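*Asks:* Below is the structure I would like to discuss, written out as structure tokens.
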Amino acid sequence: MTDAALPPAVAPARPATAAIQKRLKARYAREKRFRAYGLIAIGIAVLFLAVLLGSIVKQGYSAFYTHAVTAEVYLDPAVIDASNPGGANYDQLIASQQLAELGVADDERGTRSTAMRALFSPDAGFGLRERVIEDPSLIGQTIEFTAPIGDDADLYFKDDISRDTPQAQRRLSDEQLAWLDRMEQSGAVTSGFNSDFFTRGDSTQPELAGVLGAVIGSALMLLVTGLLAIPIGVGAAVYLEEFARKNRITAFIEVNINNLAAVPSIVYGLLGLAVFINWMHLPRASPLVGGLVLALMSLPTIIIATRSALKAVPPSIREAALAMGASRTQSVFHHVLPLAMPGVMTGAILAMAHALGETAPLLLIGMVSFTPGIPEGLTSPSGALPVLVYIWENASERAFHERTAAAILVLLAFMIVMNLVAIVLRRRFERRW
Amino acid sequence: MTMNPDLVAPSREPRQGDVSALDTDRNPGHAEAPVPTVVHPGLTGPIKIKAEDVSVFYGQKQALFDVSLDIADKAVTAFIGPSGCGKSTFLRCINRMNDTIPSARVVGKITIDGQDITDRSIDPVLLRARVGMVFQKPNPFPKSIFENVAYGPKIHGLTANKTELADRVEHSLKRAGLWKEVADRLESPGTGLSGGQQQRLVIARAIAVEPEVILMDEPCSALDPIATARIEELIDELREEYCIVIVTHSMAQAARVSQRTAFFHLGQLIEVGPTEDIFQNPRERRTLDYITGRFG
């Protein structure tokens, strides 16, 4: 049993070791605390994001479906003149037949049929009219027709209008609600995907309003912005970083670029209004002017990002190229810029995403005006997604409320798609190593 | 002495310093004059590079003081000295890499084959095609092994077609003793090689443009002893064809690879001579102190 005679395996700690050990506990505790702070911060950020997205989705999802009433319509030859099928009042035709179906008699002044007409979208009459003009032989027959309903009726079916609200404070009377209930019970009311929302431009009627015009307007604007801001910004950054002499003038330019990045975007809108519209007489509210303004706004961001990406390229690569006898231009374009490309792309993506969401400057160049159509080119009046959100949010019709949230979702989706494309492009630009 | 017409071209990178005032009393044919053995002992062959009173300033600070030195062709010349002694600064004058530092100013005259390379009319791009350089840290381009070696011939238009280019790449890699290791993976990244292989790749890249001079700035300081030995062997082989100038912190390396050694201290050339003499029988006290490890 020699082991027992040996001194204990753990030698008495040196005083320094003991002190370090004591501090070690505090050091680990500090590390743990810091990690906990980090987790809390991320948790709060995720929570806010979830609340934000959740509330938008909750408000907006109902805009993606809509209701319609399918009914038998007797195309009464007494109402529709066969020689002029476009001249008849089809809205009234649908409304009066619906009243008859429900067994409600119209009064002399037509109050009830007017109330019934209000339940349908103006598009119902147009749709029926087009069908008759296309095929006049239908006159005198009874056809099955699916009529889109109006925004208020749609909201009622979406449980957005409550009977508990006093009649005077809601857009639909008790009588109209009763009619809607009976229509629903008869199985005439169907709900389906709201394709109009994605295939139409803006409209004063919420049920006819869509985002397509704004999406195309935004896409055209970003095209102009990207084509101008990225090459000019990268070119300016390469020149300033790699070629320009470092003197007072370049220092002055640098300070100004940094300042421009912090200028409020509405100032760019004023500049665009003064220069592009008032002086150059470019068409108001056009994607061309919008793109130009957003390009001006994006330039500082792209220049700053590109310059820092170029600065991050190790000088050994520049030296290697120069020592091989490459000219300055060759060393920049063969080696330095390709290495900086991921950073450049990141800056460009950020700038473009920022440009997509920008509203204030577009309001000033006339995009806040009502543009119902779908833009046909760079110079035709157009809307933009963020401006559409702004316009709809200010609209008085209740149905625009859900559409505002839906438009925000479309804007977010647009941004995600754009960023994905940019990331794929960046991957391709990146060297394989 | 023949002037190389390639070297006389409009300069795209004007030099910062003006040497014309200092050069008025100099004879352009000076390089042909017999070399005074007292000043330039240990020359083993014809003079390739001749430096006369070269000083370098970084802003207000002078880094190199009136260095005059002849460097022989087809031989290895080593520059030794403690850190900051100006040996790398002098090396970078030979291919005018100091031009890329805005605050640097070079005064004096350096000739290669009798032609003044510090002259404004000399295009540094052309000069660097004749004077290759290998840096302290291996710096292959983040491209394939093939692209790394092919880059020089490509930008200088040295090959007419792809086959010629491929031949030249193969020849250069063979010359740098790297071919066997990379022949089957020419398309893989040059940055994926080991440090020693990268440094040989960089040497292959330099010799692919058929330079006359190869400058090496501490080429082995980032390498392990085995890779170092490999590079030293390579330097010894390349000496037969090129004028090689190597800056090194390792005195043992200088003793192994060079025929002639120059000792720099505090921006001055203290002593130059045959390598054996410098290490065994230095004339200057400071040289002795340095090689025996008393400072540096």
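*Asks:* Quick one: order B:R96, A:R14, A:R427, A:R318 from most to least accessible surface, probe 1.4 Å.
*Replies:* Result, largest first: A:R427, A:R14, A:R318, B:R96.
*Asks:* If you don't mind, there's one more thing I want to ask. Could I have the simple spin-label model distance between A:D160 and B:N281, label points 7 Å from Cα toward Cβ, reported in nm to one decimal?
*Replies:* Label at A:D160, label at B:N281, 10.4 nm between them.
*Asks:* If you wrap region A:212-429's Cα atoms in a convex hull and average its projection over all directions, what's the area in nm²?
*Replies:* Projected area, direction-averaged: 13.4 nm².
*Asks:* Just to confirm a number: summing +1 for Lys and Arg and -1 for Asp and Glu over residues other than B:A176 whose beta-carbon lies under 9 angstrom from that of B:A176, what do you get?
*Replies:* +4
*Asks:* Right, here's the next one. Give me the net charge of B:E218's neighbourhood, meaning all other residues with Cβ under 15 Å from the Cβ of B:E218; Lys, Arg count +1, Asp, Glu -1.
*Replies:* Numbers: positive: B:K87, B:R92, B:K137, B:R256; negative: A:E319, B:D217, B:D224, B:E232.
Result for the neighbourhood of B:E218: 0.
*Asks:* Considering all alpha-carbon pairs of region B:42-291, what whole percent are spaced by more than 34 angstrom?
*Replies:* 15
*Asks:* Under the Karplus relation 6.51 cos²θ - 1.76 cosθ + 1.60, θ = phi - 60°, what is the ordered set of whole-Hz ³J(HN,Hα) values for region B:106-122, x standing for Gly and Pro?
*Replies:* My calculation for region B:106-122 gives 10, 10, x, 9, 10, 10, 10, 6, x, 9, 6, 8, 7, 5, 4, 6, 7 Hz in order.
*Asks:* Ok, one more. Tell me, what HN-Hα J-couplings in whole Hz come from the Karplus equation 6.51 cos²θ - 1.76 cosθ + 1.60 at θ = phi - 60° for each residue of region A:79-90, using x for Gly and Pro?
*Replies:* In residue order, the calculated couplings are 9, 9, 7, 4, 7, 9, x, x, x, 6, 8, 6 Hz.
*Asks:* Considering only the other residues whose Cβ falls under 12 Å of the Cβ of B:G195, what net charge follows from Lys and Arg at +1 and Asp and Glu at -1? Don't skip to the end; give the middle numbers.
*Replies:* Working: positive: B:K137, B:R200, B:R230; negative: B:D224.
Once all neighbours under 12 Å are counted, the net charge is +2.
*Asks:* Hey, what angle do you get for helix A:287-311 against the long axis of chain A, alpha-carbon based, 0 to 90 degrees rounded to 10?
*Replies:* That helix lies at roughly 20 degrees to the long axis.
*Asks:* In addition: Using a Förster distance of 25 Å, how high is the FRET efficiency between A:V79 and A:S173, based on the Cβ-Cβ distance and rounded to 0.05?
*Replies:* About 0.45, to the nearest 0.05.
*Asks:* Enter the angle in degrees (range 0 to 90, nearest 10) between the Cα long axis of helix A:15-60 and the first principal axis of the Cα atoms of chain A, meaning the one along which they spread out most.
*Replies:* In chain A, helix A:15-60 runs at an angle near 20 degrees to the longest axis.
*Asks:* Please find the FRET efficiency linking B:S103 to A:I42, where r is the Cβ-Cβ separation and R0 is fixed at 45 Å, and quote it to the nearest 0.05.
*Replies:* Calculated value: 0.45.
*Asks:* I've got another one for you. Cα axis of helix A:248-260 to longest principal axis of chain A: angle in degrees, 0 to 90, nearest 10?
*Replies:* 40
*Asks:* Using a 1.4 Å probe on protein heavy atoms, which residues of region B:111-134 have at least 20 Å² less accessible area in the complex than alone?
*Replies:* SASA drop of 20 Å² or more in region B:111-134: B:V125, B:R128.
*Asks:* Within 10 Å of each Cβ in A:324-334, how many Cβ atoms from other chains are there, averaged over the peptide?
*Replies:* 6
*Asks:* How many nm separate the modelled label positions at A:F198 and A:A19, each set 7 Å beyond the Cα in the direction of the Cβ?
*Replies:* 7.1
*Asks:* For each pair in B:K48/B:K87; B:K87/B:K174; B:K137/B:K174; A:K246/A:K311, compute the distance between the two Cα atoms and list the pairs where it is over 25 Å.
*Replies:* Flagged as over cut-off: B:K87/B:K174.
*Asks:* Then there's this: With solvent modelled as a 1.4 Å probe, how much accessible area in total do chains A and B shield from it at their shared surface, in Å² to the nearest 100?
*Replies:* Using a 1.4 Å probe on protein heavy atoms, the buried area is about 2000 Å².
*Asks:* Under the 0.36 nm per residue contour assumption, what length would be gained going from the current alpha-carbon distance of A:N258 and A:L52 to full extension?
*Replies:* So the chain would gain 71.0 nm between A:N258 and A:L52.
*Asks:* Of A:W179, A:W392, A:W279, which has the largest mean-square fluctuation in a 10 Å C-alpha GNM of chain A?
*Replies:* Looking only at A:W179, A:W392, A:W279, the largest GNM fluctuation is found for A:W279.
*Asks:* Under a point spin-label approximation (7 Å from Cα along Cα-to-Cβ), what is the B:A222-A:F34 distance to one decimal in nm?
*Replies:* 3.0
*Asks:* Rounded to the nearest Å, what's the spacing between the alpha carbon centres of region A:297-355 and region A:84-105? Just the number, please.
*Replies:* The distance from the Cα centre of region A:297-355 to that of region A:84-105 comes to 68 Å.
*Asks:* Moving on to the next point. Roughly speaking, what is the stretch gain from B:R120 to B:D53, that is 0.36 nm per residue apart minus the C-alpha to C-alpha distance, in nm to one decimal?
*Replies:* 22.4 nm
*Asks:* With a Förster radius of 41 Å, plug the Cβ-Cβ distance of A:T111 and A:T379 into 1/(1 + (r/R0)^6) and report the FRET value to the nearest 0.05.
*Replies:* E(calc), rounded to 0.05, equals 0.30.
The values are calculated or read from the model by the stated rules, or taken from the named source; none is laboratory data. Predicted model only: the values in this text are computed from it and were never measured. Methodologically, a virtual Cβ is constructed for each residue, glycine included, from the backbone with ideal geometry; neighbour enumeration extends over all protein chains shown. Quick note on the areas: whole protein, heavy atoms, side chains included, nothing else; ligands and nucleic acids left out. Shrake-Rupley method; radii C 1.70, N 1.55, O 1.52, S 1.80 Å.
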